[in-house]
1. How high is the relative contact order of region 13-105? Use alpha-carbon pairs under 8 Å, at least six apart in sequence, and give a whole percent.
2. Applying a 10 Å radius around every beta-carbon, put 89-96, 32-39 in order of their mean neighbour count, most first.
3. Could you please report the charge total around Lys203, scoring K, R as +1 and D, E as -1 over all other residues with beta-carbon less than 12 angstrom from its beta-carbon?
4. Return an integer: the convex hull volume of the alpha-carbon atoms of region 108-250, in Å³ per residue.
5. Near the amide H of Thr148, under 5 Å away, which other amide H atoms are found, from residues 5 or more places off or on another chain, if H is placed in the peptide plane?
6. Sort the following peptides by mean Cβ neighbour count (other Cβ atoms within 10 Å, averaged over residues), highest first: 234-241, 154-161.
7. Can you list the aspartates and glutamates whose alpha carbon sits under 13 Å from that of Lys60, skipping same-chain ones fewer than 8 residues off?
8. Can you tell me which of 70-79, 165-174 comes out highest on packing, and rank the rest after it, using the mean Cβ neighbours within 10 Å?
Amino acid sequence: MCKRDRGLPVGVLQPAGGLEDAYRQALEVQTARAAGLRRAGRAQRDDLLDYFAAWAHQVKTPLAAMRLLMQNRADPAELEPELFRTEGYVEAAMGYLRLGADSRDLALRPTALDPVVRRSLRRYARMFILGRLRLCYDGAPAAARPVTDEKWVGFILEQLLSNAVKYTPPGGTVTVQADEHALQVSDTGPGVLPSDLPRLFEKGYTGANGRAAGAVSTGMGLYLCARAAARMGCTLDAANRPGGGCTFTLHFPGPQDLYE
C-alpha cells in the first residue's frame, strides 16, 4: 500500500517508510563526500605548508650569500650564481603551485625537443662556465617530436641541469641526449648510493648527497620532476653510470600509451 507523504509535492506517491530511508542514505553519502573533501583540503594545505617551509629554508642560503658578498663589496659578477640559484628556487615554487592547482596548464602536442633543450642549455651556459664544467650535446634528431608539453619538459630539464651543476665537481662533464623516446641528463658527479635510488623521487627525500657537508637540498626538485612527468604520461628514472656519476632519463609515452 502507498500513502501520500506530506513532504512531497501533490501527486507524488512514495512507499511507506521508503522516503525516510532515501533521505538518510542521501545524507550519509553527502556527509561522507564532505568529509572526504575536508580531508583532501587539509592534506593539500599541509603539503603546501611543508613545501614552502622547506623552500624558505632553501632560499635563505643564496640570499645570505648575496648579502655577505655585498657587504664585502664583491665584484657584481660574484653575485650571479647566487642570483641564478634564487631565480631557480622561485621558478620551482611556481611550478609546484601550477602542479597542485586544478588547472588546465597542460598542452600535449608533438614537440620538437631540440629547441627546448637548446633554450635550457643557453640559460645554464653561464653556470657551466662558472662551475668549470664541460657540456656535451650533439643535438636532437628532427624525428624527436614526442607528444608532450613543451613548458613542463623544459621545467624538468632545468631541474635536472640544476642538480648536475650542483653535484658535478669542477672539470666534470654533463651530457644531454634527446630523441623521440627519451630525454637524458648524465653527469660525472659522485653518483647515488644504491639504497637511495628507489627513493630519489619521494617528497623531501634528500639522500646521502643532499645531507653531505655544504649541500643545500630539500628533496623537492626531483619530487616535482616526477609529478610533472606523471602529469604528461611520462616516467622518470635514475641510474648510476658505470664510470661514475648519475643518469636521469625522462621516458616519453608512445602513441599507443597516450590513448589507453
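1. Details: 20 pairs, mean separation 22.0, N = 93.
Normalised by residue count, the contact order of region 13-105 is 24 percent.
2. Result, highest mean first: 89-96, 32-39.
3. Computed value for this residue: -2.
4. Per residue, the Cα convex hull of region 108-250 comes to 101 Å³.
5. Arg109, Thr111
6. The densest-packed peptide leads the list: 154-161, 234-241.
7. Within the straight-line cut-off, Lys60 pairs with Glu82, Glu87.
8. Per-residue mean Cβ counts within 10 Å order the peptides as 165-174, 70-79.
All of the numbers you see were taken from the coordinates with simple rules; none came from a lab. All values reported here derive from a predicted model rather than from experimental measurement. Every residue, glycine among them, receives a Cβ derived from its backbone with ideal geometry; neighbour counts consider all protein chains shown.
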